[in-house]
Amino acid sequence: MQLQWSSQFKRRFKQLTRKDPQLRSSIKQTLELLLSTPFHPTLKTHKLKGDLNGIWACSIDYSKRILFTFVLNENTGEEEILLLVLGSHDDVY
């Protein structure tokens with residue numbers, strides 16, 4: 001499985017890590033775990049409902065979340081994770 005970064009995710013990653021450089025390592029660890037074991041208990045991965053139906057969320061820490069979805073790569077036929085947005089609970093929901 002591979003990760004795809006949406007343009008919105010890249011933008012938010014740059015903004016957040018510019019304000020808090022230490023956050024970069026937490027995000028990196030979370031993404032590595034998400035890639036290897038998307039439903040690891042420490043990620044608290046859960047499916048969203050309502051307007052965000054079909055999208056998944058996982059936790060970086062107590063206040064930061066990553067929203068993502070599973071997509072099929074048409075070239076390889078393999079499932080990938082598309083990272084949609086990153087931020088605080090209030091920012092992403």
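In this structure, is Lys10 surrounded by fewer than 15 Cβ atoms within 10 Å (Cβ to Cβ) and either touching a Gly at 6+ places or on another chain (Cβ under 9 Å) or of a type in the set (D, E, K, R) (or both)? Even if it seems obvious, please write down each step before you answer.
Details: surrounded by fewer than 15 Cβ atoms within 10 Å (Cβ to Cβ): yes; either touching a Gly at 6+ places or on another chain (Cβ under 9 Å) or of a type in the set (D, E, K, R) (or both): yes.
So Lys10 fits the description; yes.
Could you check region 37-93 and list, in sequence order, the residues that are under 10 Å from the mean Cα position of the chain (by Cα), without any contact (Cβ under 8 Å) to a residue 40 or more places away in the chain and closer than 12 Å to Met1 by Cβ?
Phe68 - this is the single residue of region 37-93 that is under 10 Å from the mean Cα position of the chain (by Cα), without any contact (Cβ under 8 Å) to a residue 40 or more places away in the chain and closer than 12 Å to Met1 by Cβ.
Going through region 17-36 one residue at a time, which ones are closer than 19 Å to Met1 by Cβ and of a type in the set (Ser, Thr, Tyr)? Spell out how you get there, then give the answer.
We begin by selecting, within region 17-36, every residue closer than 19 Å to Met1 by Cβ; these are 27-36.
If the condition is that a residue be closer than 19 Å to Met1 by Cβ and of a type in the set (Ser, Thr, Tyr), then Thr30, Ser36 are the ones that fit.
Return the residues of region 47-61 that are surrounded by fewer than 15 Cβ atoms within 10 Å (Cβ to Cβ) and either of a type in the set (Lys, Arg) or at pLDDT 95 or above (or both); say none if nothing qualifies.
First, the residues of region 47-61 that are surrounded by fewer than 15 Cβ atoms within 10 Å (Cβ to Cβ): 47, 49-51, 53-54, 61.
Matches in region 47-61: Lys47, Lys49.
For region 68-93, what are the residues that are surrounded by 16 or more Cβ atoms within 10 Å (Cβ to Cβ) and not in a strand (DSSP E or B)?
Result: Val92, single match.
Would you point out which residue out of Leu31, Leu16, Leu35 is aliphatic (A, V, I, L, M), more than 20 Å from His89 (Cβ to Cβ) and open to solvent by less than 90 Å² (accessible area, probe 1.4 Å)?
Answer to the check: Leu35.
The values are calculated or read from the model by the stated rules, or taken from the named source; none is laboratory data. Everything quoted here is computed from the prediction, not taken from an experiment. Don't worry about glycine lacking a Cβ; one is built from the backbone with ideal geometry, like all the others, and counts go over all protein chains shown. SASA here: full protein model, heavy atoms, side chains in, ligands and nucleic acids out. Shrake-Rupley method; radii C 1.70, N 1.55, O 1.52, S 1.80 Å.
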